[in-house]
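For reference, the structure is listed below as structure tokens.
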Amino acid sequence: MGRYRIRVATGTSLFAGSHNRVQLWLVGARGETELELQLRPARGQEEEFEYDVPEDLGPLQFVKLRKHHSLVDDAWFCDRITVQGPGACEEAAFPCYRWVQGNGVLCLPEGTARLSGNNALDVFQKHREKELKERRQIYRWATWKEGLPLTIAAGCEDDLPANMRFHEEKRLDFEWTLKAGALEMVLKRVYTLLSSWDRLEDFDQIFWGQKSTLAEKVRQHWQDDEFFGYQFLNGANPMLLRRCTSLPSRLVLPSGMEELQAQLENGLQNSSLFEADFILLDGIPANVIRGEKQYLAAPLVMLKMDPSGKLIPLLIQIQPPSPSSPTPPLFLPSDPPLAWFLAKSWVRNSDFQLHQLQYHLLNTHLLAEVIAVATMRCLPGLHPVFKLLIPHIRYTMEINTRARSQLISDGGIFDKAVSTGGGGHVHLLRRALAQLTYCSLCPPDNLADRGLLGTPGALYARDALRLWEITARYVEGIVHLFYHGDDVVRGDPELQAWCREITEVGLCQAQDRGFPVSFQSQNQLCHFLTMCVFTCTAQHGAINQGQLDWYAWVPNAPCTMRMPPPTTKEDVTMATVMGSLPDVRQASLQMAITWHLGRRQPDMVPLGHHKEKYFSDPKARSVLNQFQTDLENLEREITVRNEQLDLPYEYLKPSLIENSITI
């Protein structure tokens, strides 16, 4: 006879509880017993029971549960079940963190992380094989567009597995804020119906509603050259700028520009010359919105860093040389103000396209989805890498599925307001994928390749490196608990299958771009896992949060351009500028959607602070605690630094980084 104390915890989200009766069994190494309980789990509650079992069950291996229903299948979100056995036995934890639906039996293994093939008890091996077989039926790959990373097979969010769906609070907030944004757009259209739209100041007519403090500062200073240069280092898209080691081949200086030539060569000699080249946009077909052709350019910007660390533009080439224009015009700060302003607007529009499609959608969202689907298909719940990654893929499949059905779909927001909409965005994504290398996703390699290590004023670079180091220590701490040598890494079939699934399947044979097809060492595994966690958390935070600040004032980052790029400087008038920038409808839509997608989420989980206890090993929990401590120390460092800055950089402040891609 032994007495068992059972605690059953239910999730806190809306509708997590259930009116259906739940039946439980305890399964040990020496026996199994059904618990005659009348359990009807309540939202946010932990219910405790004591039960006498006549026989000795031995070490507990599983808790089995079944939810009975008669008329209505009232789904239940079970957090975890813990069981304290008789005597001085340690409490056994059985993590769940999923919806319990239907009336089948769900089997929860004891939560100690285990690698395949080194289990003392064969029952765990059978369980993980059965689990993966079922998961591969539920989590299937699909092709959204040929030549792009594979996605989860779901035409809309209702097709997704229940455990990948938004919880009810998240769903309600997402859908209500979309409706609020749509209403705001209507009000702005009505407000401007009888107003003029022929001066830059007219954008003030729609610059109300939801916006940030920094967005107001952008409105005041957006035309300053210093402000323009700053955005390449620390704005919404800090990923394009690179230090020059030679002059770009596309840069053709016409005669009479010897002084500029000398200035560029001087910048090369003292390593103060930088470039931002948007050549990826060259030849991408532009959108047609409401019957009106839109336009794209592929500019080149040359900038120089002054001794104080300010990045100042020297010249802009709006289009690369072509047979019809072998020496395209160069726009300079000394040109007529409207001509120089319009050239900068073309750069900002091009940056909008690459930021949203290459660096945001592809390099974070779609990559994270590949990681998420491969994880669910290849790693069972007992695998330590599954336990490490699962908090960092929360909600990613649903936000991406909604993007494919509402944002980048036929007739979606890109088609309605963005110059790469109408199919150009798919062409651009294919080009970007061809350039996506493994090294480009790892800040130490990426920043070194771009020559930005140690660059004064490069706050994204500085914070990204610190976060990479902290994340790497966390990952190494977990990996070394379970992989005691390189041979253990090489001998893990589930891990190796996961690696191949990402590189060869999800990323469409990406081994030619440096992605691994196998892991041969602890170091190689740690580096790859650090990239996965960093991409799903810090990198997305750096790329996503800036929309709210830098895109709300539309002239600073126009989503589309409605006239061709200028070929002369003297003919640029205010009518040319306003005819090029987005109209009221497009500008209002840009403001609404960037607020919706850039704002802080009400159910946001900060990096490293997930409440789910997937690891039951106290050593693993200690590694997570150290990760949280390291993040708190970095938070203090960034806070102290930002107090000294006119423009604080907060996108990589750990408390503002979400633990997964949820928006």
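Could you state the angle between the C-alpha long axis of helix 367-378 and the longest principal axis of the C-alpha atoms of the chain, as a value from 0 to 90 degrees rounded to the nearest 10?
For 367-378 against the chain, the angle is about 20 degrees.
Quick one: if you stick a label point 7 Å off each Cα along the C-beta vector at E570 and Q406, how many nm between them?
Calculated label separation equals 5.1 nm.
Quick one: helix 122-138 against the long Cα principal axis of the chain, what's the angle to the nearest 10°, folded into 0 to 90?
40
To the nearest 10 degrees, how steep is helix 522-534 against the longest Cα principal axis of the chain, on a 0 to 90 scale?
Once rounded, one gets 70 degrees.
If the limit is 31 Å between Cα atoms, which of K217/K416; K293/K569; K133/K179 go over it?
Violating the 31 Å Cα-Cα cut-off are K133/K179.
Leaving out ligands, DNA and RNA but keeping every protein chain, what accessible area does V105 have, in Å² rounded to the nearest 10, with a 1.4 Å probe?
Its accessible surface works out to 70 Å², give or take rounding.
Roughly how many percent of the accessible protein surface of the chain is carbon and sulfur, given a 1.4 Å probe and a whole-percent answer? If you can, show how the numbers build up before the last one.
On the way: 13670 of 26610 Å².
Exposed carbon and sulfur together represent 51 percent of the surface.
How would you classify the stretch 14-149 from its alpha-carbon gyration tensor, with a ≥ b ≥ c the square roots of the eigenvalues: rounded for a/c under 1.5, else prolate if a/b is greater than b/c, otherwise oblate?
Details: a/c = 2.24, a/b = 1.26, b/c = 1.78.
Oblate, since a/c reaches 1.5 and b/c is not below a/b.
May I ask you to list the residues of the stretch 492-508 whose amide nitrogen lies under 12 Å from a point 7 Å from Cα along the Cα→beta-carbon direction of T143?
508, by backbone N distance to the label point.
What value, in deg cm²/dmol to 500, does the helix sum -39500 (n - 2.57) over DSSP H runs of n ≥ 4 give at 222 nm once divided by the residues of the chain?
Details: 21 runs with 246 residues, N = 663.
Per the formula, -11500 deg cm²/dmol.
Report the chymotrypsin sites (Phe, Trp or Tyr not before Pro) located in the stretch 100-168 that are in a DSSP loop and have at most 16 other Cβ atoms inside 10 Å of their Cβ, or state none.
For chymotrypsin sites (Phe, Trp or Tyr not before Pro) across the stretch 100-168 that sit outside H, G, I, E and B with at most 16 neighbouring Cβ atoms in 10 Å, the list is empty.
Taking K and R as +1 and D and E as -1, what net charge do the other residues with C-beta under 13 Å from the C-beta of E90 add up to?
Values: positive: R5; negative: E91, E110, D617.
Result for the local shell: -2.
With a/c under 1.5 counting as rounded, go ahead and sort the stretch 622-663 into rounded, prolate or oblate using the C-alpha gyration tensor (a ≥ b ≥ c being the square roots of the eigenvalues; past the cut-off, prolate if a/b is larger than b/c, else oblate).
Numbers: a/c = 5.62, a/b = 1.39, b/c = 4.06.
Oblate is the answer for the stretch 622-663, as a/c is 1.5 or above yet b/c matches or exceeds a/b.
Ranked from highest to lowest mean number of other Cβ atoms within 10 Å per residue, what is the order of the peptides 635-647, 586-598?
Working: 635-647: 12.3, 586-598: 23.5.
Order by mean packing, descending: 586-598, 635-647.
What accessible area per residue comes out for the chain, rounded to a whole number of Å², with a 1.4 Å probe? Don't jump to the answer; show the numbers that get you there.
Numbers: 26610 Å² over 663 residues.
Roughly 40 Å² per residue, with all protein chains present.
List the chymotrypsin sites (Phe, Trp or Tyr not before Pro) in the stretch 213-275 that DSSP assigns to loop (not H, G, I, E or B) and whose Cβ has at most 15 other Cβ atoms within 10 Å. Which are they?
Qualifying residues, ordered by number: none.
Mind checking the log10 I(q)/I(0) for the stretch 434-583 at q = 0.13, 0.19, 0.21 Å⁻¹? Debye, one equal scatterer per Cα, no solvent, two decimals.
-0.77, -1.17, -1.28
Rounded, prolate or oblate, given the Cα gyration tensor of the stretch 139-259, with a/c below 1.5 counting as rounded? Numbers along the way, then the final one.
Numbers: a/c = 2.52, a/b = 1.27, b/c = 1.98.
Here the stretch 139-259 falls in the oblate category.
Considering only protein heavy atoms, with the full assembly of protein chains and a 1.4 angstrom probe, order L388, L172, L214, L187 by accessible area, largest first.
Numbers: L388 0, L172 60, L214 35, L187 90 Å².
Accessible-area ranking of L388, L172, L214, L187, largest first: L187, L172, L214, L388.
I'd like the accessible area for V418, computed on protein heavy atoms only with a 1.4 Å probe and all protein chains in place. Round to 10 Å², please.
Using a 1.4 Å probe on the heavy atoms, I get roughly 10 Å².
Can you give the translational diffusion coefficient of the stretch 555-594 in µm²/s, computed by Stokes-Einstein from the Kirkwood radius over Cα pairs at 4 °C and 1.567 mPa s? Before the final figure, lay out the partial values.
Numbers: Rh = 11.0 Å.
Approximately 118 µm²/s, per Stokes-Einstein.
So for the stretch 134-220, taking the charge dipole from beta-carbon charges (+1 Lys/Arg, -1 Asp/Glu), which of T213, L178, C156 sits furthest toward the positive end?
My answer, from the dipole projection, is C156.
To the nearest 10 square angstrom, how much accessible area does I663 have with a 1.4 angstrom probe?
About 10 Å², ignoring ligands and nucleic acids.
The values are calculated or read from the model by the stated rules, or taken from the named source; none is laboratory data. Quantities reported herein were computed from a predicted structural model and do not represent experimental measurements. Here Cβ is always computed from backbone atoms with ideal geometry, including for glycine, and neighbour counts include all displayed protein chains. Note: accessible area is taken over every heavy atom of the protein model, side chains too, but ligands, DNA and RNA are not part of it. Shrake-Rupley method; radii C 1.70, N 1.55, O 1.52, S 1.80 Å.
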